[in-house]
Structure formats: C-alpha cells, structure tokens
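Some notes on the structure that comes next.
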Amino acid sequence: MGFYDERILPNLIACACGARPIEKHRRAIVPQAEGVVLEVGLGSGTNLPFYDAARVERVIGVEPSAGMRVKARRAIARQAVPVELLDAPGEALPLDDNSVDTVLLTFTLCTIPDAPAALAEMRRVLRPGGRLIFLEHGLAPDAGVARWQRRVEPVWKRIGGGCHLARPMDRLIAQGGFHIDTMDAAYTPRTPRIAGFVYRGLAH
C-alpha cells in the first residue's frame, strides 16, 4: 500500500461516507443490529455511534486498511459498546462457523475484490436465524445513469480504493445465498446519481 492508499484515501472515504445524506441511512439501519455483530469493513468507525448498546453484546470489526484502522481506533475509544478490531479481508474472516448474530455491511461490498467469496464467508459465520443488514450503493435502474456508471468505473476504482459503481447489490446478495426480507432502493438526495443509488435492507 502506498502513501495515497494509507494516508489520503482514508480521509476522502471518511469524509464521503460521513456526509449528512449518508448519515441518515446509517441512523435508520445500524440500530437494528443485535447480539454479537460482525461489521465487515469497519472503516473509520462511522457506524459506531449508531449502535443500540442495549441490543448489542459486542462488535467485531474487520478492516484490511491500516490507514482506516488508525481512524477506527480513535472512534472505538469513544464508544460504550465493546469493539474488537481485526486486520482481515471480507474474503477470509478469522471467525468460527455460526459465531455471530448480525452481519452489518455499509458501503463495503462495492470495494471487496471478490464479493461472492466474501458473502460466502458471511454466510458461514452467521448463526442460523441471524440477519444480514446491508446499506450499499450500486447499479442504478436508469439506463442512462447505468451507462455512465460503467464508463466512469475504471477510473473511479483507481481513485476510490477499488470501489465499483455498477454492482447489482440485490442480485449479488441473493446469489451469495441470502434471502432478502425487506429492501428499499432509491437515489440518495444531494448525491451524484452515479454513486447515489442505495440499496438498504435486511436478509437472512
């Protein structure tokens, strides 16, 4: 990892993912987590203030970026919910089978190089009856927007830490063996449409 990836990119991502329209999504969905929670792609710890401490036993956060882990440790120090931070990719979770009650994904599946492998790992560690909570941006339903997403994506990935603009998140999650129980999908206000079509929901 170079200077850009570990020093500049974490700040850019933290700024973008902490924007007010995105925060509204987080406030709506993160408090639904319960029990032992696995947050895949903890990032800078943006979700931590939104956990319901009365419902969450502890959070296990996996984050492969050293720069993001530096930011996350600062956020963890300010939280009441116990948080364990692990250096691991989504495709190789260092957890036992059936060991977590909730898996939380927020703006993470877009950057994981092998999304199907990561989803298989999430299925492996999720207990029977557990839930996947997801909040992801991805492929827009409008043909014109989707064309621009695909045109821009090669450059976007290079400057955005591997972020894909045009992944069909609902199909990816279903193909990963999850059943989607509820989902809202819409453009986020005051956000560029190529990056602002958000899928938000629950699956098991």
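Figures for the structure shown
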{"read-out": "Point-charge dipole on Cβ atoms (K/R +1, D/E -1) for the stretch 126-173, about Cα centre, debye to 20", "value": "160 debye"}
{"read-out": "Under Karplus coefficients 6.51, -1.76 and 1.60, residue-wise ³J(HN,Hα) of the stretch 118-134 in Hz, glycine/proline x", "value": "5, 5, 4, 5, 5, 4, 5, 8, 7, 5, x, x, x, 10, 9, 10, 10"}
{"read-out": "Those residues of the stretch 54-86 whose amide nitrogen sits under 18 Å from the label point placed on Ala117, 7 Å along Cα→Cβ", "value": "62-65"}
{"read-out": "Label-reachable residues, the stretch 38-53, where backbone N falls under 13 Å from a point 7 Å from Ala80's Cα toward its Cβ", "value": "49-53"}
{"read-out": "Exposed trypsin sites (Lys or Arg not before Pro) absent - longest run of the chain, DSSP non-H/G/I/E/B, at most 15 other C-beta within 10 Å", "value": "79-189"}
{"read-out": "Test item: Cα-centred dipole of the stretch 139-204, Lys/Arg +1 and Asp/Glu -1 on Cβ, debye", "value": "380 debye"}
{"read-out": "Amide hydrogen neighbours beyond the local backbone of Leu132, cut-off 5 Å, H modeled", "value": "Val103, Ala203, His204"}
{"read-out": "Amide H partners (placed H, <5 Å) of Gly35, local residues excluded", "value": "Val56, Glu57"}
{"read-out": "Quarter of Cα convex hull surface for the stretch 84-174, i.e. mean projection, nm²", "value": "6.4 nm²"}
{"read-out": "Largest-first principal axis extents of the Cα set of the stretch 23-77 (Å)", "value": "29, 24, 19"}
{"read-out": "Listed residues His204, Pro189, Pro113: farthest to the positive end of the dipole of the chain (Cβ charges)", "value": "Pro189"}
{"read-out": "Gyration tensor (Cα) of the chain, equivalent ellipsoid semi-axes in angstrom", "value": "24, 20, 16"}
{"read-out": "Dipole in debye (nearest 20) - the chain, about Cα centre, beta carbon charges: Lys, Arg +1; Asp, Glu -1", "value": "820 debye"}
{"read-out": "Per residue accessible area in Å² of the stretch 46-132, where ligands, DNA and RNA are left out and the probe is 1.4 Å", "value": "45 Å²"}
{"read-out": "Long-range HN-HN contacts of Tyr199 with modeled amide H, under 5 Å", "value": "Glu136, His137, Gly138"}
{"read-out": "Relative contact order of the stretch 12-124, pairs being alpha-carbon contacts under 8 Å that are 6 or more residues apart, as %", "value": "28 percent"}
{"read-out": "Phi to ³J(HN,Hα) by Karplus 6.51 cos²θ - 1.76 cosθ + 1.60 over the stretch 153-164, Hz, x for Gly, Pro", "value": "3, x, 6, 4, 4, 5, 9, x, x, x, 5, 9"}
{"read-out": "For Glu84, solvent-accessible area (1.4 Å; no DNA, RNA or ligand), Å²", "value": "80 Å²"}
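The values are calculated or read from the model by the stated rules, or taken from the named source; none is laboratory data. From a predicted model like this one, the values you see are computed outputs, not experimental measurements. All Cβ positions, even for glycine, are placed from backbone atoms using ideal geometry, and neighbour counts span all protein chains on display. Accessible surface areas use protein heavy atoms only, side chains included; no ligands, DNA or RNA. Shrake-Rupley method; radii C 1.70, N 1.55, O 1.52, S 1.80 Å.
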